[in-house]
Amino acid sequence: LKTAPLVRSLWRAMAGGTKGKKAIKITPLPKGRSRDYKGQPPGFEPTADDINTWPRRWASAFKAFAKGAHMKNDKPGVALRAMLRRAGNTNINEDLIPDLIKKLGGYPLVEKDVVFEVIKTYEDEVAHIMEKHFMKFANYGLLHHRQLDAVISDVGYIMLRGQLMEILREAADELEKEVPEPETGSIDLPLFMQVMQLLSDREGYSKSGYASVIETCKRFDANGSGYFNVEELPQMTTWLKFCAENDHVDKLLTEAEEEAKSLAAIEEEHMPENGLARPNQAELAGCLNFFGFARLLRRQNDFEYKRTGQVFNRFDGDRDGNLNVMELQWMFRELGLELSLEALFDAVMNTGSTNFFNFDDFWRIHEHLRDREGFSEAQLADAMATFRRADGNGSRHISTRQCQQALNWHGHLLGLSTYGQKIFWKERFGNTKSYAGAISEIEFLRLLREHEDGDLRSLKTVYRKYAKNNGSGLLPWKNLQTALKMVNTGYAQFYQKWLTTIEPWEELDFEDFRSTANSFRIMLRDAFRSNSGYFLKEVNKIQDHFQQLGPDASGVLSEDKVKLLWHKQIPALNWNTHLRDLLRESLRSLRKRAGVVEPKAMDLKTFLVVLRIFQDACDAEQDSTAPWLSKELQIPLPETDDYLDIFFVCLCRGPAASHELDDMSIRLLYGTGPPGQKLPGHHLTSAQEDTVRKVLEELLGKQGVSSVEQFAAVIKELRSMELEELTKRVKAAEAAAKTQAQAKPEEKSRTTKI
């Protein structure tokens, strides 16, 4: 007992832990170091002059930078750092670099035996520093189990308790040692070094965690290139921002891209021109590969461990290290996720958690929900079915117009809400530099999540308004109909029928109200789907035309009458051969989908199905022109959707479109007018709008426009004219028409005499 303090001080002296000394920087061990001499006989030692005896990672790193038996050294330390990284030293210990530069000397070229000694010296010193770090905390050569996570964090790895136990078991199995007990066990130096080697080989992940990272990479790397290109990056970014601080994720991404670009530029400069290991275009552009993504995710997770750990402690009121279900739900709300009980219970079941959750349990649930955007399995399947329906060509991307239709198809933005707030998603997701105008699967799920959260906020506002005690009490049954109407005016059409299917009760709590409102949302969604994705106003207009043609007793129009209906809906079929081809293809597509003979006679539902297929085909063609239209009209890319919707009307309806477009569309087409225009488009009077309509009709001509290019030319010509000029043009056209009308009777009289 008397000698114990002395022995401990000796151990610390051996570890170099004395006050006043500069702290030694600790860096992870080289990747793959434990496999350097696998398969070699005991006592094997590599030789500096025979590169075939070197560890494979050393040899491949030297060959990447060497020309013959020499390596360039014109910029001291630059090529050295790049070569060390190639050899598996991802984090360079800058404290060791000056001495290595001295070893290389000031020569522009260095031989392979010198390079061998430099790599060996550096990696031996890195391992020695790691051993000294262990000895600094060890007691009689043993590190207590409870100290392990603190020692590991000094190296740069933050591990959860479950992850640490997993990697400790793996290290013990490889060394054929017993796994130390969590509370009483100790770790010796060989076991510690094996743990640190496994962490280095896997970028700080346990075996299961590393497998999860690999699956995530495969999910985002759609083309299998091994790099995350500009088309794949938005998906990864959206996934990383789940319940996270967006600015921090953006910062990490920028740093990772700049680091990758910088390393690739150094390698390109110092590698031989004909070298096989020279960086490719993806690396030079800063695209992340698998290891870059793994490091990025490691940094993000380390940051989130600390941030969410603080939030966890705030909700752990009794300080027992556990949260109950309600506390966990409140914590996710604090992190920005309105988690439904269905999704939470689904996550708990899938992660093997219990009724109480420690921080490890929280993180497993967080990772499970991140892969599903906070949805349950059933909700996710429904959402993906909606996305696949919109993604007709299987590209895993949909346009912003298709996304709007998909949101409607899923039951959002149908009808008006008194307390609903518009979500400006096109400005964020539809205008990215990387994949402009397209929405990926993950981005679509994020949009659904945002709309779900928006609907929930609206429900809470309505409940607080109509429930007792300013929302703190229950909602009386007599207020339910009004409350539902405030949530969505479209729910009113289903209320009376719904009453016949349930037994009324006196009062509802919020969860009852939420469940009831969701039932009405599904009813409204199903009605929208039954009309092939057309709103009731549109369906009523088509139905009027349908009834005017006189269907038979079973509600079916004959083949000849169906043709008349098509020409009534799409007059351009009379002159546009391309539209006729698209319509034929739509009819054939219906036959393939339904497995029936191509329909000749149709009822209203079948007609709507074919019309939807036709319109989707037109939209898909037009969406590809959005970037060109944005540049031609000098408008933001998300705004092109409104212009393309107007173009579709002009394409199908011809000159009649000028009188069928609503006032907002007319104001949008005229825009701000020519430079210096005093009356911007959105301030036009009704008379001025009528003037614009008449000029638009004249510019469209007898057969309207047949391409986006023609449509853009019409808009530019319309905007080039002052309002006074538009008025003069209308008056001149009316005068000419009047003159022509007066001339017709005289012409008819002369013809009769002849």
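Here are the numbers:
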{"quantity": "Failed item, numbered, when Phe62 is tested on (1) out of contact with any Pro (no Cβ under 7 Å at 6 or more places or on another chain); (2) surrounded by fewer than 20 Cβ atoms within 10 Å (Cβ to Cβ); (3) of a type outside the set (A, V, I, L, M); (4) over 14 Å from Glu269 (Cα atoms)", "calculated": "(2)"}
{"quantity": "All positions within segment 187-223 that are over 42 Å from the mean Cα position of the chain (by Cα) and touching a residue at least 24 places away in the same chain (Cβ under 8 Å)", "calculated": "Ile187, Asp188, Leu189"}
{"quantity": "Meets criteria (closer than 28 Å to Pro190 by Cβ and of a type outside the set (Val, Ile, Thr)) for Lys67", "calculated": "no"}
{"quantity": "Single match in Thr640, Thr606 (criterion: buried (at least 18 other Cβ atoms within 10 Å of the Cβ) and within 25 Å of the chain's Cα centre (by Cα))", "calculated": "Thr640"}
{"quantity": "Residues of segment 341-361 satisfying the condition of being out of contact with any Ser or Thr (no Cβ under 7 Å at 6 or more places or on another chain), surrounded by 14 or more Cβ atoms within 10 Å (Cβ to Cβ) and not polar (S, T, N, Q)", "calculated": "Leu344, Ala347, Val348, Phe356, Phe357, Phe359, Asp360"}
{"quantity": "Residue list for segment 400-425, restricted to those being open to solvent by less than 60 Å² (accessible area, probe 1.4 Å) and polar (S, T, N, Q)", "calculated": "Thr400, Gln402, Gln404, Gln405, Asn408, Ser417"}
{"quantity": "Residue count for segment 139-154, restricted to those that are open to solvent by less than 10 Å² (accessible area, probe 1.4 Å) and more than 24 Å from Tyr305 (Cα to Cα)", "calculated": "1"}
{"quantity": "Members of segment 466-494 found to be touching a Lys or Arg at 6+ places or on another chain (Cβ under 8 Å) and either over 17 Å from Gly411 (Cα atoms) or exposed (fewer than 14 other Cβ atoms within 10 Å of the Cβ) (or both), listed by number", "calculated": "Asn470, Gly471, Leu474, Leu475, Pro476, Ala483"}
{"quantity": "Segment 365-388 residues that are open to solvent by 10 Å² or more (accessible area, probe 1.4 Å), paired with ones that are not in a helix (DSSP H, G or I) (beta carbon under 6 Å, 6 or more apart)", "calculated": "Arg370/Phe242; Leu380/Arg372"}
{"quantity": "First in segment 564-578 and free of Cβ contacts under 8 Å to residues at least 12 places away in the same chain and within 18 Å of Phe647 (Cα to Cα), second anywhere and among the charged types (D, E, K, R) and assigned to a helix (DSSP H, G or I), Cβ under 6 Å, 6 or more apart", "calculated": "Leu573/Arg580"}
{"quantity": "Positions within segment 171-197 being in a helix (DSSP H, G or I) and either modelled with pLDDT under 90 or touching a Phe, Trp or Tyr at 6+ places or on another chain (Cβ under 9 Å) (or both), in sequence order", "calculated": "Ala171, Leu189, Phe192, Met193, Met196"}
{"quantity": "Hits in segment 529-578 (condition: open to solvent by less than 30 Å² (accessible area, probe 1.4 Å), hydrophobic (A, V, I, L, M, F, W, C) and either touching a His at 6+ places or on another chain (Cβ under 7 Å) or in a helix (DSSP H, G or I) (or both))", "calculated": "Val539, Ile542, Phe546, Val562, Leu565, Trp566, Ala572, Leu573"}
{"quantity": "Helices (runs of 4 or more DSSP H) contained in segment 396-492 and holding at least 1 residues under 21 Å from Met523 (Cα atoms)", "calculated": "400-409, 441-466, 480-487"}
{"quantity": "Test result for Thr184, over 25 Å from the mean Cα position of the chain (by Cα) and without any contact (Cβ under 8 Å) to a residue 40 or more places away in the chain", "calculated": "yes"}
{"quantity": "Sole residue being touching a Leu at 6+ places or on another chain (Cβ under 9 Å), at pLDDT 90 or above and part of a helix (DSSP H, G or I), chosen from Phe293, Phe242, Phe303", "calculated": "Phe303"}
{"quantity": "Residue identified as of a type in the set (D, E, K, R), more than 27 Å from Lys631 (Cα to Cα) and in contact with a His (Cβ under 9 Å, 6 or more places away or on another chain) among Glu377, Glu452, Glu373, Glu367", "calculated": "Glu452"}
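The values are calculated or read from the model by the stated rules, or taken from the named source; none is laboratory data. Predicted model only: the values in this text are computed from it and were never measured. Methodologically, a virtual Cβ is constructed for each residue, glycine included, from the backbone with ideal geometry; neighbour enumeration extends over all protein chains shown. Quick note on the areas: whole protein, heavy atoms, side chains included, nothing else; ligands and nucleic acids left out. Shrake-Rupley method; radii C 1.70, N 1.55, O 1.52, S 1.80 Å.
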